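Q: To start, I am sharing the structure in question, which I have written as structure tokens.
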Amino acid sequence: MSKIKVTHCEIEGLLVIEPTVFGDSRGYFMETYNQNDMHEAGLDMVFVQDNQSMSRRGVLRGLHYQKQFPQGKLVRVISGEVFDVAVDLRPGSATYGKWHGETLSAENKKQFYIPEGFAHGFYVLSETAEFCYKVTDFYHPNDEGGIRWNDPEIGVAWPLLDGVPVLLSEKDKVQPFLQELRK
């Protein structure tokens with residue numbers, strides 16, 4: 001029934017996926033994931049777990065990655081709006097340390113695929129945001145890694161809201177800088 005539009009980003013492996021939305025005066029319908037459509041688009045990742053979080057305006061989660069059990073992530077927002085970021089951490093990649101950001105919202109219905117080997121984070125632009133994501137490997141609590149959200153070497157241009165403090169977890173306040181990971 002549904003077909004997807006896949007846009008390749010400037011960093012190899014990052015994809016923006018847009019579902020076909022069928023709408024009328026009553027509302028809309030869309031398939032948020034269809035394995036056949038993904039295969040037809042040349043995408044063969046297998047997802048093993050779905051996650052969902054809710055955050056309020058100014059919350060910044062990230063930049064997180066998994067060390068030994070990397071996860072590919074297909075992320076989307078079902079309520080509100082976020083600025084979503086992926087940072088290339090693949091050893092030997094021509095774009096190592098580079099970032100790409102996408103605004104994801106309930107309104108635009110875009111999905112962002114972040115493959116294994118990337119750090120990931122998002123910043124909440126709306127009053128609240130509900131964030132859903134599929135992952136290609138199970139969560140391993142002792143396998144978490146992170147990079148400082150405001151690392152000047154990476155230089156993510158977060159669209160910070162005037163007068164709204166950035167709300168970080170205690171863990172994210174002390175994540176290492178990219179340079180420290182190379183040691």
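The values are calculated or read from the model by the stated rules, or taken from the named source; none is laboratory data. Just so it is clear, the structure is predicted and the values come from calculations on it, not from any experiment. Glycine gets a Cβ as well: all are built from the backbone with ideal geometry, and neighbour counts include every protein chain shown. What goes into the accessible areas is simple: the full protein's heavy atoms, side chains included, and nothing from ligands, DNA or RNA. Shrake-Rupley method; radii C 1.70, N 1.55, O 1.52, S 1.80 Å.
Q: With labels modelled as points extended 7 Å from the Cα through the Cβ direction, what inter-label distance (nm, one decimal) is found for residue 79 paired with residue 127?
A: Taking the two extended label points, one gets 1.1 nm.
Q: Please tell me the relative contact order of the chain in percent, rounded to the nearest whole number, where contacts are Cα pairs under 8 Å and at least six residues apart.
A: After rounding, I find 28 percent.
Q: Let me ask you something else. In nanometres, what is the gap between the two model label sites at residue 150 and residue 3, each 7 Å from Cα along Cα-to-Cβ?
A: Going from the residue 150 label point to the residue 3 one covers 4.6 nm.
Q: Then there is this: Using a 1.4 Å probe over the heavy atoms of the protein chains, calculate the carbon and sulfur portion of the accessible area of the stretch 48-183 as a whole percent.
A: On the stretch 48-183, the fraction of accessible area on carbon and sulfur atoms equals 50 percent.
Q: Something else about it: Working out 0.36 nm times the residue gap between residue 12 and residue 180, then minus their Cα-Cα distance, what length gain in nm do you get to one decimal?
A: Working it through step by step, the gained length comes to 58.0 nm.
Q: If each of residue 22 and residue 45 carries a label point 7 Å out from its Cα toward its Cβ, how far apart are those two points in nm?
A: It is 2.6 nm.
Q: Also: Picking from 102, 153, 170, which is most flexible by a Gaussian network model of the chain using Cα springs under 10 Å?
A: Residue with maximal mean-square fluctuation among 102, 153, 170: 170.
Q: With runs of 4+ DSSP H residues as the only contributors, calculate the mean residue ellipticity of the chain at 222 nm using -39,500 (n - 2.57) per run, divided by the residue total and rounded to the nearest 500.
A: Taking each H run of at least 4 residues, the total per residue is -1500 deg cm²/dmol.
Q: Could you calculate, for the stretch 1-101, the ratio of the Cα radius of gyration to the Kirkwood radius, expressed as Rg to Rh?
A: 0.97
Q: Send over a whole-number figure in Å² for the accessible area per residue of the chain, probe 1.4 Å.
A: Here the per-residue accessible area is 53 Å².
Q: Among the listed pairs 67/110; 67/109; 109/134; 110/173, which are separated by more than 24 Å between their Cα atoms?
A: 67/110; 67/109; 110/173
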